[in-house]
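One structure is given here, and the rest of the page talks about it.
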Amino acid sequence: MSTVEQTTTGRGLQDYMPLNGVDHVELFVGNAKQAAYFYSRAYGFEVVAYSGLETGVRDRASYVLRQGRIRLVLTGALHSDSPIAEHHRQHGDGVKVIALSVPDVDHAYREATTRGAEGVAEPHDATDAHGTVRLATIKTYGETLHTFVGRGGYPGPFLPGYEAWSDGSTDTGMLLAIDHIVGNVEHMDPWVKFYEDVFNMKEMLHFTDNDISTEYSALMSKVVADGKGVVKFPINEPAEGKRKSQIEEYLEFYEGPGAQHIAVATRDIVGTVAELRKRGVEFLDIPAAYYDEVPQRVPEVAPQLDDLRTQGILVDHDDEGYLLQIFTKPVGDRPTVFFEIIERHGARGFGDGNFKALFEALEREQDRRGNL
Ligand code: FE2
């Protein structure tokens, strides 16, 4: 059974790792310029900043995209001997940095490294004509990093070294904020403990393989969240199934642990998904039969049922309300990273009631790729 627990009990005022939220997510990609075009034109982001040869940066090109409170950074290498090129060679397009806004970078880094996190970059200032930002970086699962960001009142377009940049795209306002970011790992418990120890996160939910299994595919998942519930990191591991699980497929093609999906919140999932489809975003197909039981399961959505069916949107509920969600197909060539669009109406869960229908849909895709 899945279990929902209050995340605030026992935390008191002594939270040693207060987080303001996700500052940005940086993906290492094969071609940042074209990826920026894809995310702006297909997903409705606005290109707002750039760093590269034209701004005096010699080893990489980075485009910063914004939509609502979401910031994506797309970074590509300019030389074969770049660690970015090496990362891309091994993993394909993928999430490299989940950056977290914190009130005090030095404090966050000190607490994290004291409690077992491995440091990558000690606290340092990054400065340009606009001002100064404080940064520090630690490792998490696989080759993924967490950067602590202290912006103060930095007024520049993104971070020092970046210049304001426009390619004519605009913020469409469809997607508002990051809801959660999921990691796929070989063994979840050490990483749950990592987020508990290092980030003072609490396990708010877990799913066993009884919850999340179909005939062929199974996974186990635990969700950790910070005290304010602004940062939520579900962690998945593969569970025993008859055939290869979707998590194993990810681990094989990403060649190790990494971020599986970024869930982004919207206020109008029906309108947003219709628009995203028009722009070329591909979503997982949901069997029509899935909708037969929805009005009984979640009566609140009965008036919207036709729209939800037309757009392939999934419905789940818990004691506190319901949620609507949909999953894109992988955004790159490898069957690894994808996005989720979510509209919450009180529910704090992650769609575990949808997992069976969802995984059956996923397995059909996996089967088409010859990986089941
Ligand atoms: Fe999710």
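The values are calculated or read from the model by the stated rules, or taken from the named source; none is laboratory data. Everything numeric here is computed off the predicted structure, so don't read it as measured data. When we count neighbours, we look across all protein chains shown, and the Cβ atoms used for this are built from the backbone with ideal geometry, even at glycine. Heavy atoms of the whole protein, side chains included, go into the accessibility calculation; ligands, DNA and RNA do not. Shrake-Rupley method; radii C 1.70, N 1.55, O 1.52, S 1.80 Å.
Condition check ((1) exposed (fewer than 14 other Cβ atoms within 10 Å of the Cβ); (2) touching a residue at least 24 places away in the same chain (Cβ under 8 Å); (3) out of contact with any Phe, Trp or Tyr (no Cβ under 9 Å at 6 or more places or on another chain)) across all residues:
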| position | (1), (2), (3) |
| --- | --- |
| Asn236 | no, yes, no |
| Pro257 | no, yes, no |
| Ile262 | no, yes, no |
| Ile286 | no, yes, yes |
| Val301 | no, no, no |
| Gly312 | no, yes, no |
| Asp316 | no, yes, no |
| Leu323 | no, yes, no |
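When each of Val102, Val95, Val120 is tested for being open to solvent by 10 Å² or more (accessible area, probe 1.4 Å) and modelled with pLDDT of 95 or more, the lone residue that passes is Val120. Among the residues making up segment 328-342, a single one is open to solvent by 10 Å² or more (accessible area, probe 1.4 Å) and within 13 Å of the ligand (Cβ to nearest atom): Phe338. Within segment 216-260, being in contact with a helix residue (DSSP H, G or I) (Cβ under 8 Å, 6 or more places away or on another chain), within 16 Å of the ligand (Cβ to nearest atom) and part of a helix (DSSP H, G or I) holds for one residue alone: Gln246. Scanning for something away from the ligand (no atom under 16 Å from the Cβ), of a type in the set (D, E, K, R) and either in contact (Cβ under 8 Å) with a residue 40 or more places away in the chain or assigned to a loop (DSSP other than H, G, I, E, B) (or both), does segment 127-141 turn up at least one residue? So far as segment 127-141 goes, no, none of its residues is away from the ligand (no atom under 16 Å from the Cβ), of a type in the set (D, E, K, R) and either in contact (Cβ under 8 Å) with a residue 40 or more places away in the chain or assigned to a loop (DSSP other than H, G, I, E, B) (or both). If you go through segment 34-44 one residue at a time, do you hit one that is open to solvent by 30 Å² or more (accessible area, probe 1.4 Å), at pLDDT 95 or above and over 30 Å from Val273 (Cα atoms)? Checked segment 34-44: no residue is open to solvent by 30 Å² or more (accessible area, probe 1.4 Å), at pLDDT 95 or above and over 30 Å from Val273 (Cα atoms). Counting only residues that are part of a strand (DSSP E or B) and in contact with a Pro (Cβ under 9 Å, 6 or more places away or on another chain), segment 83-126 holds 2 of them.
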